[in-house]
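Down below is the structure, laid out as structure tokens.
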Amino acid sequence: MIVISKIAAADKQTQSVRSLAIILVLAIIAFALCLSNLSHLLPPDEWSTALFHPSDTDIAQLVAHETFFPRLVMSLLAGAGLAVVGALLQHVLSNPLADAATLGITGGAYVVVVATTFWLPSTFLFSTETAALLGGCGAAVLVIGIAWRRRLEPLAVILAGLVVGLYASTLASTMILFHGGVRNVFIWAAGSLNVQGWHRVVEIMPGLAIALVLLILLRRPLVLLSLNDEGAKSLGLPLSLVRFLILIIAIVVAAQIVSTVGPISFIGLIAPALARLSNTRTVGRQLSLSALMGAMLLWLVDQSVQAISTAREIPTGAAVALIGSPILLVLLPKMRSAGWATEVRSARAPESRKRFGPFFFSIACLILLVSWLSLSLGLALKGWHWSHGQELVDLSYWRGPRLIAAFCGGAAIALAGAIMQRVTGNAMASPEVLGVSTGAALGVIIMLLCGFGLDRVTQTGGAFAGAFFTMATLLLLSRRSSFSPDRMIYVGIALTTLFSGLVSVLMGTGDPRMAILFRWLSGSTWLAQPIDAAIMAAILVTAALSLPFMLRWLNILPLGASSAGQLGVDLDKSRFCLLLVIALLAGASTLIVGPMSFVGVIAPHAARMLGQVRTAAQLTAAALIGGLIMMSADWLGRVVLFPDQMPAGLLAALIGGPYFLWLMQRRPN
């Protein structure tokens, strides 16, 4: 026993030394890059003068004093602050992926900044920083309120934060679409440390100091939170009050940092994860190591961005996302959380089953009604106008393809969502939530930037490749956890954030092609041609015809990997074939409805709520409901804001986001 304890103590010491060595290596590299960058700006004998007493006639000294040094200090403060916020949130929520982004703080700040940029002058009422602070705090309060009824369960917080953040981004995209894209907004949304002057550094320091004092005063409650709830309560800890106070401190600090430097993801995730590798049990040491790790990481990334001449236009936050996502995916298998299980397959309560015939008749009548309205009813300069006769025939040439494309796109994304929910055993899985749609969008963007053009065949190929790669990565990284629903959502969030960071980098470059891509990413059917509708319909029919041969897999896979194997299902073969179908449907539908519509999660749930619980009936019902939703969104987007038009994907997302949150409140599991 003595030998075993000595070995364990030596192992812990080795892990602690390893963490300190990582911090030291990061600091050395960052310091070397810092000296190199500064030497390109000023000779070494002028560094101290530029820092303390710059000459008013020396431009280089003024630039160093007002830009380089404040940016350096801000990178250290922001990195340490975001890392501590992440560590606090993960400690309080027992959630290894809790940080400012997963609580919706960055999304809330983004939408309010966009709103004030377009509708309020920066000098009126409040500044951009104040607007971002209010938006971030408001979004975090909304997320906590949604998850509070479920006792702040890790998965509930993650899902609520993800949906609130995506919904806020959808609102921001809507405003940008109708007021014209602003490159500075995209750069801020990607996270920029390019501060001008010392005033922002001075503004952020008092808040960080106050938070530090409060955390010192709450040191004992933080230690007791390491126990389980019963143990903490038995020692007299007011658990709900302490959690609420710590959450408020973390939220305010995160909102303040985000309002100053913009959304910088992954620092609050990677730094605490690396700190936990030291196996340090003391909360104070974990927070200290996280702060040091976060400061060194952000300092290193920012100096690297400045050192590479071709990357000077890349915001630091986007660079952190590009570098941090692969690191997080590597660390993910080593993370542990009370909310994770090796295999989670909750027994479903008996659901009411209804005949498919009456449902099909009803949904078919609704589809025909919406089709007729979409083709014949519209707004003109003199008001509502019914088209008939030759006029209806002429208008059908323009309205018909977008109607067919919208229906097929909605049906495809709904069908992909229904299949994903059965393959993963996760009732909240969908191409939008797990990053498959975002991966498809990124594939199209890469194809465009590589010079392959914007024809529909090229777009479809790029979207399929991006969706297939994302889904394959998702399944590969979730395999070790037996495809636990919690773990799959965490991996999907990491992939979504990675791809969103790449898209933010591209949107902030000022490339004129990005304006076209932005409208396409909004899910617009404005320019749908007959060939587009034909390709989308062909893909949907091809996928639908292949599914009858896979119904047995879709019936058995929701039971879990062990049960499916015992029933003779070849897991690798079945998942690969279904992966191809999901990638084809998600990639093609993204070209029509955009990467974020929530139809992939709404339609399957609506089908179950309407009594279609058998596999074949649910898939068919979900496809029909998804097509109906997108047809309706396309028609409403054409007439609601006439003469402007709202993309069908955006309108569906604006409706689908609140429904998703309501669904989280309604479902017991």
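Read-outs throughout are calculated quantities, based only on the coordinates presented, and are distinct from any laboratory measurement. Computed from a prediction, not measured in an experiment: that's the story for all the values here. Every residue, glycine among them, receives a Cβ derived from its backbone with ideal geometry; neighbour counts consider all protein chains shown.
Label W398 and W662 with points 7 Å out from Cα along Cα→Cβ: what is the distance between them in nm?
3.4
Taking the beta-carbon count within 10 Å as an exposure proxy, list S376, S240 from fewest neighbours to most. Display every interim value, and only then the final one.
Numbers: S376 16, S240 13.
Going from sparsest to densest Cβ surroundings: S240, S376.
Can you give me the C-alpha center-to-center distance between region 242-298 and region 376-400, rounded to a whole angstrom?
Each part reduced to its Cα centre gives a spacing of 57 Å.
Just subtract the alpha-carbon distance of I327 and L559 from 0.36 nm times their residue separation and send over the number in nm, one decimal.
On the way: separation 232, 0.36 × 232 = 83.52 nm, distance 3.21 nm.
Difference between extended and current length: 80.3 nm.
Please find the FRET efficiency linking L235 to R285, where r is the Cβ-Cβ separation and R0 is fixed at 25 Å, and quote it to the nearest 0.05. Mind showing how you got there, number by number?
Working: r = 21 Å, r/R0 = 0.85.
Taking R0 as 25 Å, the efficiency between L235 and R285 is 0.75.
Calculate, for T67 and A27, the FRET efficiency according to 1/(1 + (r/R0)^6) with r their C-beta to C-beta distance and R0 25 Å; round to the nearest 0.05. Can you show the working numbers first?
Details: r = 22 Å, r/R0 = 0.89.
For R0 = 25 Å, the calculated efficiency reads 0.65.
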